[in-house]
1. Once you've got the GNM for the chain with C-alpha springs shorter than 10 Å, pick whichever of G185, G221, G60 has the biggest mean-square fluctuation.
2. What's the angle, to the nearest 10 degrees (0 to 90), between helix 194-207's Cα axis and the longest principal axis of the chain?
3. Greater than 24 Å separation of Cα atoms is the criterion. Which listed pairs, K250/K334; K312/K395; K211/K250; K99/K141; K141/K275, meet it?
4. For helix 3-23, report the angle its Cα long axis makes with the longest principal axis of the Cα atoms of the chain; keep it between 0 and 90° and round to the nearest 10°.
5. Using a ≥ b ≥ c from the Cα gyration tensor of the range 131-279 (square roots of the eigenvalues), is it rounded, prolate or oblate, where a/c under 1.5 gives rounded and otherwise the larger of a/b and b/c decides, a/b for prolate?
6. Fewest to most neighbouring Cβ within 10 Å: what's the order for E129, E191?
7. For a label point 7 angstrom out from the Cα of Q84 toward its Cβ, which stretches of the range 105-120 have the backbone nitrogen within less than 18 Å?
8. Apply 1/(1 + (r/R0)^6) to the Cβ-Cβ distance of Y114 and V261, taking R0 = 56 Å, and write down the FRET efficiency to the nearest 0.05.
Amino acid sequence: MNHRRFLSVLLTALLLSLTLTANAVPPRDLDYAYLHTTSGYLIVGREVHLEVVLPEGAGGYTYEFTLFYTHDREETGNFQGIDQVKAQADNSFRFTPEKPGQYFVEAVIMDADYRSLTLHSEPFYCYEEGSEADPATLPGKVVQVAGEAEAQGFASQYENALYLHDWLTHNADYDEPMTIHTPEGVLLRGEGVCESYALAYQMLLRQAGIKSQYVTGYSRGQLHAWNLVHLDGEWTFIDPTWNDPVGGGKEGHDYFGMTDVQLARDHDWSTGKQKPPAATADTHNYLLKNGWMPFDNPEGLAALMTRELADKNPRIQYTYLGEDRYFDTMYEIKKFMEAQSHKHFVESYSYGGSAYAGAMEVTYGDFSDYIPFTDDEGFLAAMDGQLKAKAPVIKMYYQGDDRYFNYGSYLNRFLTDKAAEYGVKSYSYTYYPFHGVAELEYND
């Protein structure tokens with residue numbers, strides 16, 4: 001190579017290096033960075049491929065990978081580093097497990113100024129060759145359940161992910177002693193903690209060809225794990241653990257298909273060894289897709305409830321999409337119904353759900369032949385007209401704002417004071433807090 005060509009190549013390489021360094025965002029400032037693999041469980045002798053995924057256009061980094069191992073699949077500590085790749089430009093890492101046990105990979109992303117970001121994969125559980133054919137093993141169970149989902153012929157990843165989620169929540173219960181952390185727990189023993197649910201769900205999703213990330217952090221004051229799932233082109237959060245109530249309650253979908261803003265109200269993943277991409281679309285939110293009506297604040301909930309009660313809907317489903325982590329839907333519903341239910345002829349109601357979503361069952365009375373009133377003037381005008389017409393039966397219903405209104409004492413005071421004036425010989429009445437029926441006899 002002549003000197004001129006050598007200098008040209010050297011200058012090009014130098015300019016490229018300077019460009020990469022100039023364009024490199026400090027790793028901790030990247031919008032996201034995560035380890036991607038299609039492997040759920042591992043099989044001895046089968047190569048595993050992982051790669052670091054960064055935002056499009058991000059570059060100028062080196063990558064260091066370390067493989068950790070413990071022989072015990074039940075182990076939660078005491079991992080040993082067994083392989084390491086020093087700083088390289090390649091963002092991928094491959095290894096072939098030689099023994100059953102538990103593995104995980106640490107990846108360090110570093111820029112030219114030695115600023116770094118450390119990522120951890122989920123724990124990988126490794127089994128002997130042939131395990132996939134035996135449903136009594138975890139790989140075999142994953143293959144079996146994912147095969148059942150495939151047999152349904154679903155048209156979308158959403159339907160597939162929902163089937164796998166529901167299989168988990170209906171076939172497992174939360175381990176209240178909090179001792180079962182492995183995916184074998186929920187898949188083979190029917191119980192486990194959040195780690196068990198999230199790892200098992202991730203394995204099922206990957207077996208079905210759906211990308212998923214295992215995310216850790218805190219929720220409801222304790223360490224927690226859940227999933228970020230890529231459904232039909234969009235990232236969305238799914239937390240199967242919080243969809244499976246402790247103590248055998250009814251399984252739900254409040255945490256299926258949430259955005260990061262919605263999930264952040266009671267989940268925090270800022271301290272974990274992941275930096276997942278944002279989940280910004282609520283396209284796959286189960287509640288929204290299945291008739292739960294959204295609202296953003298107490299005023300929105302009041303408007304929603306007023307509309308639904310006016311239409312006499314027997315079942316009202318609602319979900320809060322606002323950002324206030326202290327919002328309590330159950331409290332707001334209780335407050336609204338105590339003040340407003342009588343205005344809509346509600347005879348009884350019951351409700352349940354979580355802090356951010358719920359459903360109400362409502363029964364309505366038939367008060368079409370009752371005279372409504374909202375204040376003293378309305379009551380007096382209605383009674384005056386009925387008594388002058390010598391109506392033998394008077395039915396009235398209070399629809400005012402006084403939640404402590406008592407129709408019985410109200411009617412009793414009026415008849416005690418006014419019966420003689422209107423020529424009432426005798427009267428009797430039955431009443432409830434907001435309505436009642438009076439039967440009257442008049443003097444000839």
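Laboratory data are not the source of any read-out in this text; all were calculated from the coordinates shown. This one's a predicted model, so the numbers in the text were calculated from it and none came from an experiment. Neighbour counts run over all protein chains shown; Cβ positions are idealised from the backbone, glycine included.
1. Answer for the Gaussian network model of the chain: G221.
2. 70 degrees
3. Pairs exceeding 24 Å: K211/K250; K141/K275.
4. That works out to roughly 20 degrees.
5. Oblate.
6. Ranked by crowding around the Cβ, least crowded first: E129, E191.
7. Hits in the range 105-120 for Q84 at 18 Å: 105-111, 114-120.
8. Efficiency at R0 = 56 Å is approximately 0.95.
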